[in-house]
Amino acid sequence: ETASAPAQQQVLRIGTNPTFAPFEFQSPNSSELTGFDMDLARALGKEMGRKVELVNLGFDGLIPALGAGNIDLAISGMTITEARKNAVDFSDPYYTAGLIIMVRPDDNRIKGINDLQGKKIGVQIGTTGANKALTIKGAEVKQFNNADEPNLELANKGVDAVINDQPVIAYYLVSQGGEGKGKMVGEIMEAELYGVAAKKGNQALIKQVNEALAALKKSGEYDKIYKKWFGA
Ligand code: ARG
C-alpha cells in the first residue's frame, strides 16, 4: 500500500462559477474554462507546484463547498467582504472592481441608484450586486443562478436594470454581443477587491497563495495575464 501523497503533490481543487466573463467563462471554441481568474488560477498552481483541477459550481455554492472541504480554493471574482470573512479566509487582493448599473439603451428614466426605487432589478444570487439591490426601497429583485442571465432578462424586458461588477458588464457590452442591448449608467459604486478564498482557518494555504501571488507579480506573469484580458 502506498502512503498518501504529500500535500504539495495533491491536486489543488479550485472552485469557480464560470458565467462571469472576462474572469471565468466557458471558452467559445473549446471545453476549457477561460478568463483572467482561470489564467491566474493555473499560474498560481504552477507556482505552488500543484496540479490544478477547476470545479464548476454555483456562485452561492462556493463558500459552502470550501466549508465542506469539497474544494481547496475559490477563485471567482469574489469580493472580499466582512460578512464573508466570517466564513472563509481571503488572500491578499488581486483585482479592484466595483458595481455598476446597466439599463436598456433607450431608457432615460434611470440615471443612477436613486432611480431604482420601485423598479425591477436583475442580479446573480449570492453576490454583492444582489445585496446592493436588496437594499433599494420598493425594488423587485429577481435573482438568477448565473451572472449572465440578468443580461438576457434585461434585453427581454423582464427587468428594468441589472446590477453587476463593472468590468463584467463592460465586457458583455463590448465583447459578448451586448452591444445595443444595454448601457451603463451612474458611477461605479464603492471599490470592491477580489480575493482568493480558502476554508476558514486554513492560513497555511492562504500563505502559500499570497507567496505565489507575490512571485507572479514580481516575475511579470501577473502583468502579462492582466494585459491579455484588460489591455495595457
Ligand atoms: N464580485 C461579486 C461578488 O463577490 C460578484 C462575483 C460573481 N462571480 C462569479 N463568478 N459569478 O459577489
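All of the numbers you see were taken from the coordinates with simple rules; none came from a lab. These figures come from a predicted structure and were not determined experimentally. Please note: Cβ atoms are built from the backbone with ideal geometry, for glycine as well, and neighbour counts cover all protein chains shown.
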Taking Cα atoms only, Rg over Rh for the chain with Rh from the Kirkwood formula is 1.00
If one takes the longest principal axis of the Cα atoms in the chain, at what angle in degrees, from 0 to 90 and to the nearest 10, does the Cα axis of helix 221-230 lie?
-> 20 degrees
Using the Karplus curve 6.51 cos²θ - 1.76 cosθ + 1.60 with θ = phi - 60°, work out ³J(HN,Hα) for each residue of segment 204-218 in order, rounded to whole Hz, and write x for Gly and Pro.
-> 4, 5, 4, 4, 4, 5, 4, 5, 5, 4, 4, 5, 5, 6, 5
Given Cα pairs under 8 Å that are at least 6 residues apart, what percent is the relative contact order of the chain?
-> 27 percent
How many percent of DSSP beta bridges within segment 93-204 run antiparallel, rounded to 5?
-> 65 percent
Residue-ordered couplings for segment 170-184, obtained by feeding phi - 60° into the Karplus form 6.51 cos²θ - 1.76 cosθ + 1.60 and rounding to whole Hz (Gly and Pro as x), are 4, 5, 4, 5, 9, 10, 10, x, x, 4, x, 9, x, 8, 8
Burial ordering of LYS181, LYS218, fewest other beta-carbon atoms within 10 Å first | LYS218, LYS181
State the answer as a single residue: which of TYR171, ILE136, VAL123 lies farthest towards the positive end of the charge dipole of segment 97-191, with beta carbon charges of +1 for Lys and Arg and -1 for Asp and Glu, about the Cα centre.
-> ILE136
Highest-fluctuation residue, GLY98, GLY138, GLY178 considered, GNM on the chain with Cα pairs under 10 Å | GLY138
Can you list residues whose amide H is under 5 Å from THR19's amide H, if they're 5+ apart or on another chain and H is modeled 1.01 Å from N?
-> ALA147
By counting other Cβ atoms within 10 Å of each Cβ, how are THR81, THR127 ranked from fewest to most?
-> THR81, THR127
Taking only Cα atoms and a 10 Å spring cutoff, compute GNM fluctuations for the chain and point out the largest among ASP39, ASP115, ASP165.
-> ASP115
Which of ILE121, ILE110, ILE14 moves most in a GNM of the chain, Cα contacts under 10 Å?
-> ILE110
The chain - share of DSSP beta bridges that are antiparallel (%, nearest 5) | 60 percent
Pairs over 24 Å Cα to Cα, from LYS51/LYS199; LYS132/LYS228; LYS46/LYS218; LYS137/LYS181; LYS120/LYS227, come to LYS132/LYS228; LYS137/LYS181; LYS120/LYS227
Which of MET38, GLN10, PHE230 sits farthest toward the positive end of the charge dipole of the chain, with +1 on the Cβ of Lys and Arg and -1 on the Cβ of Asp and Glu?
-> PHE230
